[in-house]
Amino acid sequence: MNRRKFIKSGSLFFAAGTLSSFDFPDAPTYEFNDKVEGPVILSTWIHGLEANRAAWNVLAKGGSALDATVAGAMHTESDLTNRSVGIGGRPDRAGHVTLDACVMDGDGRSGSVGFLEGIAHPAAVAKAVMEKTPHAMLVGAGAKQFALDHGFETIKTPIPEVKKDYLAWKKENKDLFKPPKINHENHDTIGLIARDAKGNFGGTCTTSGWAYKMPGRLGDSPIIGAGLFVDNEVGAATATGLGEAIIRVAGSAIVVELMRIGMKPSEACKEVVLRIIRKNKDLTGLQCGFIAMDKEGNVGGFSVYNGFNFALKSSLRDEMVDADFDRKW
């Protein structure tokens, strides 16, 4: 199967009816020809390969999509070499590594934690918030106390290598508001979405956030509807990149809603990327990417700039896929 094959069409047909309430001045006119049968998991960036394999151990045993994505996220959170997720993440300007995560099940339940420090697996804590509290989000000291009360593993951060880099940055960096370069080394998140053997969807998003961010900053990763959105009636989507831009368009929720009215995943991802482009005058370093899957098994992704890829795993496939991008850039 040629994952990069696009089928041109003169117009888009939407079975859901009229689109008069939507503004699609740059609506895409292609269909991404990639469909996956059975259980499948997608995750952002190259470290998604290993995350997917950890998640597949759950899916292969008949486990739920949500549990699979949390397992995959926890694998990445434990990776000491990863500088934008988990224990190996970079700190904020004050030298504190603060972690954000959210989970969402296909039935609409969700949980989130933000500005969480000293806890090994924020993704698992987010799931516990969903399952054990009446709330959707806990942040800061309250999130940490909740994690401690429920016996979650603690960590000490930043790790020595990261602290060394931070001290050098603090000494040399004068432009505190310089946008990050979002690439394979600094991608601000890992997002995972899956469909299990029962056809249910689940997703997890986890990050240590923008390196050297202002203390207290939250990006899109812990925000349901921005970094992640899941609905068994439609499918799932997750985001990566500059969180501020993704939050401002409710990125992942809009991707799912566009799939609801008939767009294929890649089409929906592209439309939201185009909205981000239209709403930001300066796109320097502003990389954002989305991946999505629908209930028919179609999968896809799209980003502002070239270089964004995602990992795909099913019973027959275990590979990286290069997402398409806006070719004006």
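The values are calculated or read from the model by the stated rules, or taken from the named source; none is laboratory data. None of these values were measured; they are calculated from a predicted model. Neighbour counts run over all protein chains shown; Cβ positions are idealised from the backbone, glycine included.
A few notes on this one:
- Hey, residue 222 of a type outside the set (Ser, Thr, Tyr) and touching a Cys at 6+ places or on another chain (Cβ under 8 Å) or not: yes
- Qualifying residue in the stretch 68-81 (condition: buried (at least 21 other Cβ atoms within 10 Å of the Cβ), of a type outside the set (Lys, Arg) and farther than 23 Å from residue 129 by Cβ): no
- Residues of the stretch 292-319 that are touching a Leu at 6+ places or on another chain (Cβ under 7 Å) and more than 18 Å from residue 38 (Cβ to Cβ): 304, 310.
- Residue pairs meeting the criteria (Cβ under 8 Å; at least 6 apart or on separate chains; first under 16 Å from residue 107 (Cα atoms) and touching a residue at least 40 places away in the same chain (Cβ under 8 Å), in the stretch 128-145; second of a type outside the set (A, V, I, L, M, F, W, C) and surrounded by 14 or more Cβ atoms within 10 Å (Cβ to Cβ)): 136/110; 136/111; 136/112
- Strands (runs of 3 or more DSSP E) enclosed by the stretch 33-147 - at least 1 residues per element that are farther than 26 Å from residue 267 by Cα, small (Gly, Ala, Ser) and modelled with pLDDT of 95 or more: 99-105, 110-116
- Of the residues making up the stretch 215-232, at least one is in contact with a Lys or Arg (Cβ under 7 Å, 6 or more places away or on another chain), assigned to a loop (DSSP other than H, G, I, E, B), more than 20 Å from residue 102 (Cβ to Cβ) and not aliphatic (A, V, I, L, M).
- Figure legend. Inter-residue proximity from the stretch 293-317: first residues over 17 Å from residue 251 (Cα atoms) and part of a strand (DSSP E or B), second residues of a type in the set (Lys, Arg) and modelled with pLDDT under 95, beta-carbon distance below 7 Å, spacing 6+ or different chains. Indicated pairs: 298/35.
- All conditions in (1) among the hydroxyl-bearing types (Ser, Thr, Tyr); (2) closer than 23 Å to residue 326 by Cα; (3) modelled with pLDDT of 95 or more hold for residue 30, with the sole exception of (3).
- Pair list, Cβ under 9 Å, 6 or more apart: the stretch 271-288 residue touching a residue at least 60 places away in the same chain (Cβ under 8 Å), other residue of a type in the set (Lys, Arg): 285/178; 285/181; 287/181
- Identity of the residue in the stretch 174-222, under 12 Å from the mean Cα position of the chain (by Cα), within 17 Å of residue 84 (Cβ to Cβ) and β-branched (Val, Ile, Thr), that ends up modelled with the lowest pLDDT: 189
- A residue that is surrounded by fewer than 24 Cβ atoms within 10 Å (Cβ to Cβ) and of a type in the set (Ser, Thr, Tyr) occurs somewhere in the stretch 306-315.
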